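Here the structure comes first, spelled out in structure tokens, and everything after it is commentary.
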Amino acid sequence: MISDGNSGAEIMRTGKKIDAVSPCSEIVEILFTDTAKSQELFKKFNSAEKAKAQGLLKAQFSKACVKHGGKIHTWNGDGGFAFFPSKTGLEFGNSVEAAKDFLESIPRLNEQTALAFCVQEFTRNVRISAHRGEIYITGEAGLDSADPKEFDAFIKGEKKIAPDNDEVFITSQLHSVLGANAKNMFQFYKRVRCGSLLADIYRLKKAPMEKTHNILKREEALSTITESEWTHLKSEIFAKCRNVAARNQITKGLIRRVWQNKGLSYKDIFELTLDSLHVYLNDAFRKHKIRITYWRCSREKSGDEILTIVGHRYPKGEDVSNPSRVVCVKDQHYQVCRAFSRKEVLVTPSVVSARNAKMKLWFDFYNGQANKKRHLASAMQIPVYHRVEKSNEKNVFGVLCLDADKPDTFLEEEIPMWIDDLVGYLVNISLSESILQHSVSL
């Protein structure tokens, strides 16, 4: 750690120090990482196993830092920080490149750790943040110092600066010196105060994933496929299998109703579809918490169209705050109303960023919704409709809303892939709504 130069209080460090011929002030980029909920993660491992796992993490972090010109300064068990020279004449943002490499390596590192310990799964989540400040480098262990806002406040406030796991966050002090292309990789998240440090924090946006068949076209140049693309391919194969299995459950449920002579109604199709969709999403995307809400449109005596929640599926232990919430379609500041009126899919990659944007892009249904334990991080609204044969117009019944606890779960560029995955469920909901509207029993 670094001491407060004004008070003279020393905070010891244990890692390698940044190279310095003589004592001097250096402007550096500081890259910090820590393992989230490490005590819970390692509770089933002995001390030797824990040390080995932490060593693997440190080695991976060091590799990423050295590749981009940085060095680990301090490492304390399950986390630490590195320094990257950051002065005029040098390329800014090396800490960002190191952070990207390090984060991309985590899934494979978790697989290696699971294999080493002969366990089925090892899920290590990390917090990653980067800052820029001036440090007085002495060359003698334990005596480096800095103004609190340059370093200590950043380290002590790392949970505020990196509020989401497995994401890269940087402060405005670093963001301001990046080149235009590097700046565009980030999205404003929110403003935070950590002691004497006041900073806007920015989150590294997820790059849209290339479609699976496009990745596989590179079969003659497998070395060009990145770690994240291999991970994506594996998850896609797994998801496709889960999707087929989940949709088969709908058919099995309907057949069971027929054999029990209970008859079929629109509600049977609707409820079985939501059940299966919930199973599919939360099985195929196990690292996420995905919630489902369906809003049905109806018309009041006044002629106004309203949207009412008529079905939802949440992860175990969670529930929608108002299972019968009603909004008027005229309230176009709500995404669900916009999706219905525009008859098109809408996505909000980062709800927090949209909520805190200068031109507010996300409106909550009630005050305090942002402070609930449920982490609403990314959202997508999909209108459910059928096309009128003669006019080819969309007759919209309602809106299927999905939200997740991780930002960038839903990206505009990936809408076609989501629709391909969900089209069977959307058709079933459209069928159930058509039966309801025409009061026809199968």
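Here are the numbers:
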{"read-out": "Calculated FRET efficiency for the pair GLU300/SER47, C-beta based, R₀ 56 Å, to 0.05", "value": "0.25"}
{"read-out": "Relative contact order (%) - the chain, alpha-carbon pairs under 8 angstrom, separation at least six", "value": "12"}
{"read-out": "Dimensions (Å) - the chain, Cα atoms, principal axes, largest first", "value": "85, 51, 43"}
{"read-out": "Global form of region 239-339, assessed from the alpha-carbon gyration tensor, a/c cut-off 1.5", "value": "oblate"}
{"read-out": "The chain: most fluctuating residue of ARG325, ARG296, ARG124 per GNM, C-alpha cutoff 10 Å", "value": "ARG325"}
{"read-out": "Residue order, fewest to most surrounding Cβ atoms within 10 angstrom, among LEU115, LEU272", "value": "LEU115, LEU272"}
{"read-out": "Difference of contour (0.36 nm per residue) and Cα-Cα distance, LYS267 to GLU104", "value": "54.3 nm"}
{"read-out": "Residues with amide H under 5 Å from that of LYS406, placed H, sequence gap 5 or more", "value": "LYS289, ALA377, SER378"}
{"read-out": "Cβ-based exposure ranking for MET417, MET380, in which fewest neighbours within 10 Å come first", "value": "MET417, MET380"}
{"read-out": "Mean Cβ count within 10 Å, highest first, over the residues of peptides 281-293, 358-370", "value": "281-293, 358-370"}
{"read-out": "Angle in degrees between helix 47-67 and the longest Cα principal axis of the chain, rounded to the nearest 10", "value": "80"}
{"read-out": "Rg over Rh [alpha-carbon atoms, Kirkwood Rh] for region 3-204", "value": "0.97"}
{"read-out": "Alpha-carbon centroids, region 44-87 and region 282-332: separation in whole Å", "value": "44"}
{"read-out": "Degrees between helix 415-438 axis and first principal axis of the chain (Cα, 0 to 90, nearest 10)", "value": "30"}
{"read-out": "Relative contact order (percent, whole number), region 286-339, Cα cutoff 8 Å, 6+ residue spacing", "value": "29"}
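Read the figures in this text as sums done on the coordinates, not as results from a lab. All of these numbers come straight from a predicted model, not from anything done at the bench. Glycine also receives a Cβ, built like all others from the backbone with ideal geometry; neighbour counts cover every protein chain displayed.
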